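In what follows, a single structure is set out as structure tokens and then discussed.
The values are calculated or read from the model by the stated rules, or taken from the named source; none is laboratory data. Keep in mind the model is a prediction, meaning the values are calculated, not measured. FYI the Cβ positions are ideal-geometry reconstructions off the backbone, even for glycines, and counts take in every protein chain you see. Note: accessible area is taken over every heavy atom of the protein model, side chains too, but ligands, DNA and RNA are not part of it. Shrake-Rupley method; radii C 1.70, N 1.55, O 1.52, S 1.80 Å.
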Amino acid sequence: MHAIKLPTHKHPLYPTPWVSRCEGCPRRGGYVKDGYRCYKCDFFFHKECAEATLEIHHPSHPAHPLSLFLEMRRMKRCKLCGENWYHSMFYHCSICDFVVDTACAKNPPPNVIEYPKAHEHSLVIAKDLSDFNCGFCGEESQGRCRYRCYLCRLEFEIRCSMLSLEIDYPYHPKHPLKFLTKEERHFSDGKCRICGKYLRWKFYHCSICKFSVDVDCVRDPPPLTILFPKAHEHQLSLTPRKISFDCDACGMAGDRSPYSCQQCYFMIHQSCIDLPEIINVNRHEHRLSRRLHLSLGSWVCGFCHKNVDWSYGAYSCSICPNYVIHSKCAIRYDVWDKLELKGIPEEPGDIEPFKEHYLQLNEEGIISGGSIRCEACVLPIYSQASYSCVQCNFILHKTCANLSRKKRHFYDDKPLTLICGDKIERYCNMCEEYSEGFKYTDFQYFSFDVKCGTLSDSIIHESHPCTLYYNNGKRMKCASCNKWDNQFFSCDDCSFGIDKRCATLPKTTQHWYDEHLIFLCYNKSKRGGEYWCDICEEQIDTMIWLYTCDSCCVTFHVKCVLGDFSRFMPGRIVKFEEWRIKTMQTSPGFVPRCYIV
């Protein structure tokens, strides 16, 4: 099978060896061989559902043809079984508003089951949608139709109505399996032997072999053998038992039911069978390709910075020969953009910037005392090389003029584009400051100023001798501001960390209070006595970083030096929502003010 595009779904679908939950007919659980998946939406479709006919004539609605739809947000109720579905493919008549889901269109449930396996009496379908507990599996069902026994007043899920209390299971041929409740699982490890999920209220069990399997894996067990070249060149066979192994695709340990190749002792997790082949991650600028193994050598993961065993599968960059990333790290929700790129051509590179300006390089530097600011980063230009427009006052640091027009950022899983303009639409998602300069944006949820947008996920900071790595979720106290946060640049070898706002504080800057450059002071151990801010005249906490001028022996709070409007061009009017704002240059005797004009 090859990737396909459905008229009812906006993203391409890629082959997968089985489907355990289908958006096309969500009533059906367990494994069904062959299907398609959308990595972006995490949707799965049975092969027959993905390839369903776009229009049918159905005996339940002979007056008009029915068209296929995939409704994502609105609830639809099937006219045959009475069930409501949020994410489901269905056939719909636009004239009569008649709806039938794909499962019922192919095989509608009978109105009466005379001899059900799950119960001793006949069962009659009931289409009222009140909540109930299934009399067989014990699961609570909400808003679904059911089969009802009017003698016993018991109700059963449609998919449980034909299950038995004792079964012969193909993946455990030695003994029959009996249906048990969770109260009787003291001799089980609490997980399904096939899929590894935690057992629900009722399940099947062999007490002799301590073999347990959930109801879904009984209804539709996984295929015993698969041939899926994307995972391995030979046929793979299921080993339905508890077994310790290392997955050859990801290098992680497993404890049950892998697929294995008898010819070359290859073993793989069920979840690693259909890993994507070509992807983008937000920790690297180039595409990464899945490798069955790496070349012999010492490798370090570009995300978690731990060793990568070369003999297992991983992702690597064909342009940067030393960049690799663990398979599981590469497909994390906060790293991968959920797009399989195989067969999709690469986008063109950088576009030519600033066509409205004629820029001239000045490498001798400008001694401006900080009065001239870069249009991109809005930081002062002191003596750095810069580009200036020969026709107007437009000026850029040389480094800012050569910024990548498109890039990836560790804070966002989508690609970013560099934009410039006179509107302040949102604050920077990294430092949480408003800025008038250029921005990197994904045009949806995230925007970063130039300073934060060019920040790497690993930084060398003067405050610490080791490399600091970005991590999201590890709660720490910031070495700079002494506040707790869970988004940090931290050291892997000690407890040192600085939060995402303090990581980008300028190391040197100027302020009208002092004629010299002032420096960010990190070293707390060498401080003695009390410190006072010469701007606000309040005491400075000795546990936080501060700005100082060694020549004048003055100290300042970080917030007093930078203020709220340090990323605005002095004297320029910008648009913010419905206001037009003008920021005035501060000077001795004046408080920084922002005016609405």
- Task: Would you be able to say whether some residue in region 225-243 is at pLDDT 90 or above, open to solvent by less than 20 Å² (accessible area, probe 1.4 Å) and farther than 17 Å from LEU275 by Cβ?
- Result: yes
- Among the residues of region 282-303 satisfying the criterion of being small (Gly, Ala, Ser) and more than 22 Å from ASP413 (Cβ to Cβ), which is most open to solvent (accessible area, probe 1.4 Å)? SER298
- Message: Any residue in region 260-277 that is in a loop (DSSP other than H, G, I, E, B) sitting within a Cβ distance under 7 Å of a residue that is among the hydroxyl-bearing types (Ser, Thr, Tyr)? List the pairs, counting only those 6 or more apart or interchain.
- Response: GLN262/SER237; ILE273/TYR259; ASP274/THR16; LEU275/SER327; PRO276/TYR39; GLU277/SER289
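Every residue, every condition in (1) touching a helix residue (DSSP H, G or I) at 6+ places or on another chain (Cβ under 6 Å); (2) basic (Lys, Arg); (3) surrounded by 18 or more Cβ atoms within 10 Å (Cβ to Cβ); (4) over 26 Å from GLY196 (Cβ atoms), yes or no:
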site: HIS11; (1), (2), (3), (4): no, no, no, yes
site: THR16; (1), (2), (3), (4): no, no, yes, no
site: VAL19; (1), (2), (3), (4): no, no, yes, no
site: CYS41; (1), (2), (3), (4): no, no, no, no
site: HIS46; (1), (2), (3), (4): no, no, yes, no
site: PRO59; (1), (2), (3), (4): no, no, no, yes
site: LEU68; (1), (2), (3), (4): no, no, yes, yes
- Query: So which strands (runs of 3 or more DSSP E) are wholly in region 151-226 and hold at least 1 residues that are basic (Lys, Arg)?
  - Reply: 172-181, 202-206
- Please list, ordered by first then second residue, the pairs with beta carbon atoms under 6 Å, 6 or more apart or interchain, first in region 458-471 and closer than 19 Å to CYS301 by Cβ, second assigned to a strand (DSSP E or B) and open to solvent by 50 Å² or more (accessible area, probe 1.4 Å). SER458/TYR469
- Query: Looking at ILE325, ILE344, which is the one that is closer than 19 Å to ASP412 by Cβ and either touching a strand residue (DSSP E or B) at 6+ places or on another chain (Cβ under 7 Å) or open to solvent by 40 Å² or more (accessible area, probe 1.4 Å) (or both)?
  - Reply: ILE325
- Message: One residue is enough: does region 307-317 have a residue meeting the conditions farther than 27 Å from ILE243 by Cα, part of a loop (DSSP other than H, G, I, E, B), in contact with an Asp or Glu (Cβ under 9 Å, 6 or more places away or on another chain) and touching a residue at least 24 places away in the same chain (Cβ under 8 Å)?
- Response: no
- Within region 98-123, residues β-branched (Val, Ile, Thr) and open to solvent by 50 Å² or more (accessible area, probe 1.4 Å) come out as VAL112
- Query: Is it the case that some residue within region 140-155 is open to solvent by less than 30 Å² (accessible area, probe 1.4 Å) and in contact (Cβ under 8 Å) with a residue 60 or more places away in the chain?
  - Reply: yes
- Item | Residues (under 24 Å from PRO415 (Cα atoms), in a strand (DSSP E or B) and open to solvent by 50 Å² or more (accessible area, probe 1.4 Å)) located in region 453-485 | TYR469, ASN472, GLY473
